[in-house]
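The next block holds one structure in the form of C-alpha cells; read it before the comments.
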Amino acid sequence: MPAETVVILGGGVGGLIAANELRRRLPSPHRVVMVERNASHAFPPSFTWVMAGVRRPDQIMRPVQRLLAPGVELIEGEVREIDLAAHRVAVDGQALSYDHLVVALGADLAPDLIPGLRGGAHTFYSLEGVCRLREALPSFTGGRIAFVICRAPYKCPGAPLEGAMLLHELFRRRGMRGKVDLQVYSYEPWPMPDTGPEMGEAVLHLLKERDIGFHPEHKLTAVDPGKREMQFEGKDPVGYDLLLGVPPHCGSPLLREAGLADESGWVPVDPLTLSAGPDHTYVIGDATALRTPGRWQAETPLYLPKGGVFAHGQGLTVARRIAAEVMGADSHEAFNGHGFCVLDAGRRRAVAATADYFAEPTPHLRLHPTARSWHCGKVLFERWWLTPPGPLRSFMRLVLSVGCGRLGLEM
Ligand SMILES: Cc1cc2nc3c(=O)[nH]c(=O)nc-3n(C[C@H](O)[C@H](O)[C@H](O)COP(=O)(O)OP(=O)(O)OC[C@H]3O[C@@H](n4cnc5c(N)ncnc54)[C@H](O)[C@@H]3O)c2cc1C
C-alpha cells in the first residue's frame, strides 16, 4: 500500500481534532500534515472568561505543536492557494501536494463592512480584541455598555449573551452594577434563533433576571464613534458609552477562489460526509454552510450554527472516513448533527441545551436547568482541550465521555 498524505488546512478547533484522530488511526508511513498561520492556539470559548477577568490570556493559549499528537507534521504558514484539480496547496510560496484534503479555515471577521464599527467598538471575538477589552474594562466607571450582534451568520450565538451575563457578574462583584446599563442589540427576532423559540424564551428570562435588555430586529448600519452612537435600519440612533460588537463574519477568500464556496462565501457540503465537490476534499466547521431540515420561521431556511462543538464532531467524522479510505475499508461514519451549548450564567453556574439538528421536521432541543454541574463540565472541557496529548488528556477524555455519552454526544 503506497503511503498517502492527508493535508489539513487550519489548526483551530476542527483542524486539531481531525489531525489527532487521523494520526491515531493511520499507521506511520502515511503522512498527516497541518498548515496553520498562528504558532499559538487560543481557545475561543474561553474568550468571555478572559473579558470578565476570570482567565488571563496565557491561561487559554497553547503552542499549536503541543496540542498535536506526535507524528502530525505542522507547517506554520499562510495558505495562499488551493488547487483542487492538481491536488496541491500553496503555503507561503511552497507547494504542498496531497491525496486527501481537509479544509478547516474557519470564518474571518469583517468589521469594515459596517462604517465606524472597527474604530467605535471593542470585540471579544478575537484574541487581540478581547485582550484590549480586558484592559479597558477596569477604567469603566459607569454608563451604557451595548453589545451589538451585526449580521448572520456568526460564531457561537450564545457567546454575546454569556458575555453580557458575565459582565453583569463582574460589575456586581465590583459593587457598581447600579451604575452600568447593560443592553444587547441584535438583528435577530429573538436570542439564538437557530436554536428555536423555546431556547430564545429561556435566554430572555436569564437576561431579564439580570436586568439586561434585549432589543430584537435592530440591524446595525453604522457607528459614529465621535458621538458614541449606533445607527440601525429604520430605527432611531442609540447612544452608548462602551460598545462591544460581534462583527459580520465572512468565509476565507481562498474558498471562493478555489471554487468551493458559493455566492454566500461559505461552502455547501454533504451534511453527513462533509465532502465538498471534488473527490477527497472535505470542508468542516465554520467554513461550511450546512442546511438542516426544517425552519423556525416561514421562508427562513435553517443552517447549522457556527460552533466549535460541530467543528469537533465533523473533524472526527472526516478523519475516520479518510482513514478508512486510505486503509481500503468501507466507512459508514456520518456526522449526526448533535451538539450542545453551555452558557456560563455567573456564580459558578451554567445553563445548557443539547440539540439534534438533523431531527425532522425541526431540530430537537432539550433545555437543562441552570446548575453547578454544567459549569464544572465547561471548565473540565476547557482543561481537556488545553492539555497536550498524553495519559492525562486520555483520562480527562474518559471522564468527559461519560457525561457526553449520557447526552448522546461523542468526544
Ligand atoms: C467568543 C467566542 C466564544 C465561543 N464559544 C463557543 C462555545 O462555547 N461552544 C462552541 O461550540 N463554540 C464556541 N465558539 C465557536 C468556535 O470557536 C468556532 O465555531 C470554532 O472555533 C470553529 O472551528 P473551525 O475549525 O471551523 O475554525 P477555527 O477554530 O476558527 O480555526 C480556523 C483556523 O484556520 C487558521 N487559518 C485561517 N486562514 C488561514 C490561512 N490562510 N492560512 C493558515 N491558517 C489559516 C486560523 O488561524 C485558525 O486557527 C466561540 C467562538 C467565539 C469567538
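Brief remarks on what is shown
- Selection from the stretch 122-154 of residues that are more than 25 Å from Thr221 (Cβ to Cβ), of a type outside the set (Val, Ile, Thr) and in contact with a helix residue (DSSP H, G or I) (Cβ under 8 Å, 6 or more places away or on another chain): Leu127, Cys131, Arg134, Leu137, Gly142
- Checked against the criteria, Val351 counts as open to solvent by less than 30 Å² (accessible area, probe 1.4 Å) and modelled with pLDDT under 95.
- Pair list, Cβ < 6 Å and 6+ apart or interchain, from the stretch 104-129 residues that are farther than 26 Å from Asp58 by Cβ to residues that are open to solvent by 30 Å² or more (accessible area, probe 1.4 Å) and assigned to a loop (DSSP other than H, G, I, E, B): Gly116/Pro225; Gly119/Pro225; Gly120/Pro225
- Cβ-Cβ under 6 Å pairs, at least 6 apart or on other chains, the stretch 376-388 side closer than 18 Å to Gly346 by Cβ, far side surrounded by 17 or more Cβ atoms within 10 Å (Cβ to Cβ): Lys378/Val342; Lys378/Ala350; Glu382/Ser46
- Residues of the stretch 18-38 that are in a strand (DSSP E or B) and open to solvent by less than 80 Å² (accessible area, probe 1.4 Å): Val32, Val33, Met34, Val35, Glu36.
- Scanning the stretch 284-303 for residues that are open to solvent by 20 Å² or more (accessible area, probe 1.4 Å) and either within 17 Å of His100 (Cα to Cα) or at pLDDT below 95 (or both) yields a total of 11.
- Residue, farthest from the ligand (Cβ to nearest atom), within the stretch 315-335, restricted to residues that are part of a helix (DSSP H, G or I) and within 30 Å of Ala352 (Cα to Cα): Arg320
- Restricting the stretch 201-245 to residues that are over 21 Å from Phe171 (Cα atoms) and open to solvent by less than 40 Å² (accessible area, probe 1.4 Å), the residue that is nearest to the ligand (Cβ to nearest atom): Ala202
- Hits in the stretch 215-263 - residues which are under 23 Å from Val91 (Cα atoms) and more than 22 Å from the chain's Cα centre (by Cα): Glu257, Ala258, Gly259
- Contacts under 9 angstrom Cβ, first residue in the stretch 43-56 being open to solvent by less than 10 Å² (accessible area, probe 1.4 Å) and of a type in the set (Val, Ile, Thr), partner more than 9 Å from the ligand (Cβ to nearest atom) and in a loop (DSSP other than H, G, I, E, B), 6 or more apart: Thr48/Val54; Val50/Arg56
Rundown of residues vs (1) outside the structural domain of Gly14 (by TED's automatic domain parsing); (2) closer than 20 Å to Gly285 by Cα; (3) more than 10 Å from the ligand (Cβ to nearest atom), yes/no style:
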{"site": "Phe47", "(1), (2), (3)": "no, yes, no"}
{"site": "Arg62", "(1), (2), (3)": "no, no, yes"}
{"site": "Leu68", "(1), (2), (3)": "no, yes, yes"}
{"site": "Ala86", "(1), (2), (3)": "no, no, yes"}
{"site": "Ser97", "(1), (2), (3)": "no, no, yes"}
{"site": "Leu101", "(1), (2), (3)": "no, yes, yes"}
{"site": "Val130", "(1), (2), (3)": "yes, no, no"}
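- Leu166 meets each of the listed conditions (1) more than 18 Å from Val351 (Cβ to Cβ); (2) within 16 Å of the ligand (Cβ to nearest atom); (3) hydrophobic (A, V, I, L, M, F, W, C) apart from (1).
The values are calculated or read from the model by the stated rules, or taken from the named source; none is laboratory data. Remember, it's a predicted structure, so these values are computed and weren't measured experimentally. Using ideal geometry, Cβ is built from the backbone for each residue, glycine included, and neighbour counts are taken over all protein chains shown. Note: accessible area is taken over every heavy atom of the protein model, side chains too, but ligands, DNA and RNA are not part of it. Shrake-Rupley method; radii C 1.70, N 1.55, O 1.52, S 1.80 Å.
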